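Down below is the structure, laid out as structure tokens.
The values are calculated or read from the model by the stated rules, or taken from the named source; none is laboratory data. This one's a predicted model, so the numbers in the text were calculated from it and none came from an experiment. Backbone-built Cβ (ideal geometry, glycine too); neighbour counts: all protein chains shown. Quick note on the areas: whole protein, heavy atoms, side chains included, nothing else; ligands and nucleic acids left out. Shrake-Rupley method; radii C 1.70, N 1.55, O 1.52, S 1.80 Å.
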Amino acid sequence: MSLSEAEVQSARGAWEKIYVDAEDNGTAVLVRMFTEHPDTKSYFTHFKGMDSAEDMKQSDQVRGHGKKVFSAINDMVQHLDNSEAFLGIVTPLGKKHATQLKIDPKNFRIICDIILQLMEEKFGGDCKASFEKVTNEICTYLNNIYKEEGW
């Protein structure tokens with residue numbers, strides 16, 4: 001992991017701001033992803049009947065998955081200073097998405113970029129800047145796992 005202790009602490013502070021409302025912010029990220037990148041919705045068969053952003057915002061399934069995404073990232077953030085623990089979280093997540101769910105790895109970058117946009121909109125550019133290196137690390141690790149799995 002190529003983050004200094006100061007970067008880890010700064011990233012955790014930025015993450016805490018958005019994670020405090022994990023369900024609503026996770027939902028907002030997914031709704032934006034599905035709206036701006038409609039092809040991403042094809043991986044979620046149980047979301048197919050939801051065409052409007054309002055339908056998605058009200059959906060228990062979308063809200064639940066948004067919270068699940070944020071919880072997984074939170075677990076990673078809590079272990080930014082422990083590579084072994086971080087890999088223990090990101091590796092099974094990457095393998096499952098690559099082999100079982102067959103999710104295109106570009107979708108991780110999309111989600112991370114939307115999280116950064118939301119951070120900037122809600123908390124300013126410094127918050128986004130503090131977390132940007134973390135999203136790059138997450139995406140790099142996930143892409144490497146995908147390569148190991150033959151993508």
So what are the radius of gyration and Dmax for the Cα set of region 1-42, in Å?
14.3, 39
Residues with beta-carbon under 11 Å from that of L80, excluding L80: net charge, scoring Lys, Arg +1 and Asp, Glu -1?
-3
Would you calculate a helix-derived [θ] at 222 nm for the chain, using -39,500 (n - 2.57) for each DSSP H run of n ≥ 4 and dividing by the full residue count, to the nearest 500?
-24000 deg cm²/dmol
Accessible area per residue, 1.4 Å probe, Å², for the chain: what's the number?
51 Å²
Local electrostatic count, D60, Cβ distance below 15 Å [Lys/Arg +1, Asp/Glu -1]:
0
Tell me which aspartates and glutamates have Cα within less than 16 Å of K41's Cα, excluding those fewer than 8 residues away on the same chain?
D51, E54, D55, D60, D104
What is the distance in Å between the Cα centroid of region 1-62 and that of region 86-125?
9 Å
May I ask you to list the trypsin sites (Lys or Arg not before Pro) in region 51-150 that are in a DSSP loop and have at most 16 other Cβ atoms within 10 Å of their Cβ?
K102
With bins 10 Å wide starting at 0, give me the P(r) of region 81-151 over every alpha carbon pair, in whole percents.
20, 44, 29, 7
As straight-line cross-link partners of K95, the qualifying lysines (C-alpha separation under 18 Å, not fewer than 8 residues apart within one chain) are K68, K106, K147
With the cut-off at 18 Å, report for the chain the share of all Cα pairs above it, as a whole percent.
57 percent
For the pair K96 and T35, how long in nm is the line joining their label points, each one 7 Å along Cα→Cβ?
2.8 nm
